[in-house]
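> After the structure tokens below, expect a handful of questions from me.
The values are calculated or read from the model by the stated rules, or taken from the named source; none is laboratory data. Predicted model, so just to flag it, every value in this text is computed and none were measured. Quick reminder, even Gly has a Cβ in these numbers, built from the backbone with ideal geometry, and neighbours come from all protein chains shown.
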Amino acid sequence: MPWSEVERVASGRAPVLGDGSDSPAWSRKRDGYAGAPPDLRDRRGRDDGGERLRAPYAELHVHSNFSFLDGASHPETLVEEAARLELDALVLTDHDGMYGAVRFNDAARELGVRVGFGAELSLDLPAPQAGEPDPAGSHLLVLARQQEGYHRLCRVISHAQIAGGEKSRPVYNLEEVIDELAGHVVVLTGCRKGRVRRALAQHGPAVARAELARLVDWFGHSHVVVELINHRQPLDDHANDLLDELARELRLPTVVSNNVHYATPADAPVADAVAAVRARRSTEELEGWRPPSGQAFLRSGIEQQRRFERSASACSLPCTT
């Protein structure tokens, strides 16, 4: 019993009906977003003279702390940082749910940030993954198209959560996922747990091409996009080059993302801590499982452009990808 409840009983005050210690979420009159405007004084994305540089950019792959023990920033914090960086849009793609969508949208409306909604579906989970240093299963990253796509995605996730029968283990019926979502979502190839990137890392370009072609067959050629991520890992450039080649072969578009799990570079230690809690290990024990440096934060368009700029002789990726 919290001290506030002890004090209430001792004082003889009646309980507040409906308050399950999660106020104001239980109320139909939930308080709206009341954050402060973003501070634009930070020098990230500025030239040496202090002038703000800008390149068009929308971040399409974002996890908030509603990706439980994976994301590390509140939805509102992510929107505030997107506003500060002057991003063109921000798409929330939490794991297996739309839990943060309302708070995300409220903040975006107040700060004038364009937003979209999607989810990263966890496929083939053998059991709840709490306690695993590297959770099992594969990921399917989908972005909803229009309101119909959002409704269908919510329906697919709800069915999977019910079918799982236990917390943290959604069970997706792949046929249902394809039937419900094809034509109503955009599928990105995603992170290292996406089928395409995993096949590329484990089996090489030929198997990755087959997985990419399978996604096209399932969801349609105009609804699949190859995602390029550069977290300054040793093989990132090489993997992006191969993915770009596969996209060209199959005549698919490419986009860059930063697979965001927290708002700013300063939040990286928090991400490490919550990952350790999820794995039920100390942060020292989790070393080797976590990235060597925190790179999964929101970047401005100019930062992303600089990160992906390569000389013409080095690779075929244009800096405006």
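> Does region 208-233 hold any residues that are within 21 Å of VAL62 (Cβ to Cβ), over 18 Å from the mean Cα position of the chain (by Cα) and among the polar types (S, T, N, Q), and which are they?
Once the filter is applied, which keeps residues that are within 21 Å of VAL62 (Cβ to Cβ), over 18 Å from the mean Cα position of the chain (by Cα) and among the polar types (S, T, N, Q), region 208-233 yields only GLN233.
> From LEU17, LEU87, grab the single residue that is among the aliphatic types (A, V, I, L, M) and at pLDDT below 95. Talk me through it step by step, then tell me what you get.
Numbers: LEU87 fails: at pLDDT below 95.
The conditions single out LEU17.
> Also: Suppose we filter GLU180, GLU176 for residues that are touching a Leu at 6+ places or on another chain (Cβ under 9 Å) and of a type in the set (Asp, Glu); which single one remains?
Of the residues listed, the single one that is touching a Leu at 6+ places or on another chain (Cβ under 9 Å) and of a type in the set (Asp, Glu) is GLU180.
> All but one of (1) over 22 Å from CYS191 (Cα atoms); (2) at pLDDT 90 or above hold for CYS154; which doesn't?
Of the numbered conditions (1) over 22 Å from CYS191 (Cα atoms); (2) at pLDDT 90 or above, the odd one out for CYS154 is (1).
> Hey, can you tell me all the residues within region 166-207 that are in a helix (DSSP H, G or I) and either without any contact (Cβ under 8 Å) to a residue 40 or more places away in the chain or on the phi > 0 side of the Ramachandran plot (or both)?
If the condition is that a residue be in a helix (DSSP H, G or I) and either without any contact (Cβ under 8 Å) to a residue 40 or more places away in the chain or on the phi > 0 side of the Ramachandran plot (or both), then GLU175, GLU176, ASP179, GLU180, LEU181, ALA199, ALA201, GLN202, HIS203, ALA206, VAL207 are the ones that fit.
> hydroxyl-bearing (Ser, Thr, Tyr) and within 16 Å of the chain's Cα centre (by Cα), is that true of SER293?
For SER293, the condition - hydroxyl-bearing (Ser, Thr, Tyr) and within 16 Å of the chain's Cα centre (by Cα) - is not met.
> Out of the residues in region 157-177 that are of a type in the set (Gly, Ala, Ser) and under 30 Å from ARG290 (Cβ atoms), which is modelled with the lowest pLDDT?
Within region 157-177, the first condition is being of a type in the set (Gly, Ala, Ser), and the residues that meet it are 158, 160, 163-165, 168.
With under 30 Å from ARG290 (Cβ atoms) added as a condition, the list becomes 160, 164, 168.
Details: ALA160: 97, GLY164: 93, SER168: 84.
It comes out as SER168.
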